[in-house]
Amino acid sequence: MSSFVKRFKPGRFIWTALVTLYFLIFFTNFFRDAIPVRMTLPVLFAYVFVLWLSLEYYFGSPFFQSGTVEHSAFWRGIFAFFVYPFLGYLGADFIWWHWTQIPVPVAVTGLLGLAVFGIGTYVRLGTLFDILKIAQVRPPVRGSKEETFLLPEKRFVGLRFQKLARHPRYFATFIQLVGAALVFRSWGGLVLAVVVGLPLLLQQVKYEDARLRDVLKHELKAYSDTVPAFWPRFR
């Protein structure tokens with residue numbers, strides 16, 4: 001699994017706090033200059049987005065990936081080439097282009113989008129903190145500086161979100177993409193989220209699902225037989 005950060009690291013904390021403050025000020029000023037009359041909802045979105053990424057970064061979670069097993073560098077790179085231009089397109093279309101704007105009041109899609117994005121963010125952070133809570137830290141082996149993290153199998157498959165889907169963090173990322181498109185009132189963004197974002201997420205799920213055996217040496221078969229990979233099953 002990824003090298004999560006479980007112990008408090010003052011230097012990493014200070015750096016994270018400074019970068020977070022910078023981006024909060026940056027997006028506040030950016031939207032105030034670009035769309036002063038309609039800045040409230042985009043600024044709120046930017047605050048949630050920045051604070052979420054800051055927490056993911058501080059605790060060592062890879063952006064937009066699960067961190068449960070070692071992710072694919074290739075698919076991570078491909079998804080990064082999609083998601084950052086995707087977010088840029090949403091902002092540019094909302095502020096300047098108006099190519100694919102949904103013809104409803106900004107507050108309608110904006111508030112709905114914030115709620116949807118908030119749900120996705122809640123699941124992303126909820127799964128992260130659940131994993132950190134049960135992860136066992138092994139000291140670095142000789143010649144290495146990295147700690148080893150182990151997940152107790154039965155506790156892992158019994159986590160609240162893991163009981164709904166084997167890869168709930170990727171499902172949460174998809175929810176975030178939909179929420180972001182709604183915040184910026186973009187039907188084009190919704191299409192991109194479904195047509196491009198979803199297949200890329202499913203490809204990462206497929207890759208990591210094959211590597212769950214590294215984490216679940218004894219529970220994998222029973223877990224795979226009862227819990228879906230991506231779409232949650234509420235029971």
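Just a few scattered comments:
- Number of residues in region 152-179 that are among the aliphatic types (A, V, I, L, M) and surrounded by fewer than 19 Cβ atoms within 10 Å (Cβ to Cβ) equals 2.
- Test for residue 198: is it in contact (Cβ under 8 Å) with a residue 24 or more places away in the chain, closer than 15 Å to residue 69 by Cα and not basic (Lys, Arg): no
- Failed condition for residue 139, given (1) modelled with pLDDT under 95; (2) in contact with a Pro (Cβ under 6 Å, 6 or more places away or on another chain): (2)
- Contacts under 8 angstrom Cβ, first residue in region 26-41 being more than 21 Å from residue 104 (Cβ to Cβ), partner assigned to a helix (DSSP H, G or I) and small (Gly, Ala, Ser), 6 or more apart: 27/46; 28/46
- Residue check: residue 8 meets all listed conditions (1) surrounded by fewer than 12 Cβ atoms within 10 Å (Cβ to Cβ); (2) farther than 26 Å from residue 208 by Cβ; (3) of a type outside the set (Lys, Arg); (4) at pLDDT 95 or above but one, namely (4).
- Residue within region 63-73 that is under 16 Å from the mean Cα position of the chain (by Cα), more than 15 Å from residue 180 (Cβ to Cβ), among the small types (Gly, Ala, Ser) and surrounded by 20 or more Cβ atoms within 10 Å (Cβ to Cβ) present: yes
- Of all residues making up region 28-45, the number that are of a type outside the set (Val, Ile, Thr), surrounded by 13 or more Cβ atoms within 10 Å (Cβ to Cβ) and either assigned to a helix (DSSP H, G or I) or touching a Cys at 6+ places or on another chain (Cβ under 9 Å) (or both): 8
- Output for region 87-108, where each listed residue is assigned to a helix (DSSP H, G or I), surrounded by fewer than 22 Cβ atoms within 10 Å (Cβ to Cβ) and touching a helix residue (DSSP H, G or I) at 6+ places or on another chain (Cβ under 6 Å): 95, 106
- Filter pass, residue 163 being within 20 Å of the chain's Cα centre (by Cα) and over 20 Å from residue 83 (Cβ atoms): yes
- Identity of the residue in region 180-196, surrounded by fewer than 24 Cβ atoms within 10 Å (Cβ to Cβ) and of a type outside the set (Val, Ile, Thr), that ends up nearest to residue 119 (Cα to Cα): 190
- The single residue among 154, 133 that is without any contact (Cβ under 8 Å) to a residue 24 or more places away in the chain, assigned to a helix (DSSP H, G or I) and within 23 Å of residue 208 (Cα to Cα) turns out to be 133.
- Restricted to region 165-195, and to residues there that are in a loop (DSSP other than H, G, I, E, B) and charged (D, E, K, R), the residue that is nearest to residue 65 (Cα to Cα) is 166.
- Residue check, residue 77 at negative phi, more than 13 Å from the chain's Cα centre (by Cα) and in contact (Cβ under 8 Å) with a residue 40 or more places away in the chain: no
- Residue among 14, 25 that alone is farther than 30 Å from residue 133 by Cα and assigned to a helix (DSSP H, G or I): 25
- Tally of residues being of a type outside the set (S, T, N, Q) and touching a Pro at 6+ places or on another chain (Cβ under 8 Å) across region 152-174: 6
- Among the residues making up region 196-230, those that are farther than 27 Å from residue 176 by Cα and in a helix (DSSP H, G or I) are 213, 214, 220, 221, 222, 225.
The values are calculated or read from the model by the stated rules, or taken from the named source; none is laboratory data. As the structure is a computational prediction, the values presented were derived from the model and not from experiment. Quick reminder, even Gly has a Cβ in these numbers, built from the backbone with ideal geometry, and neighbours come from all protein chains shown.
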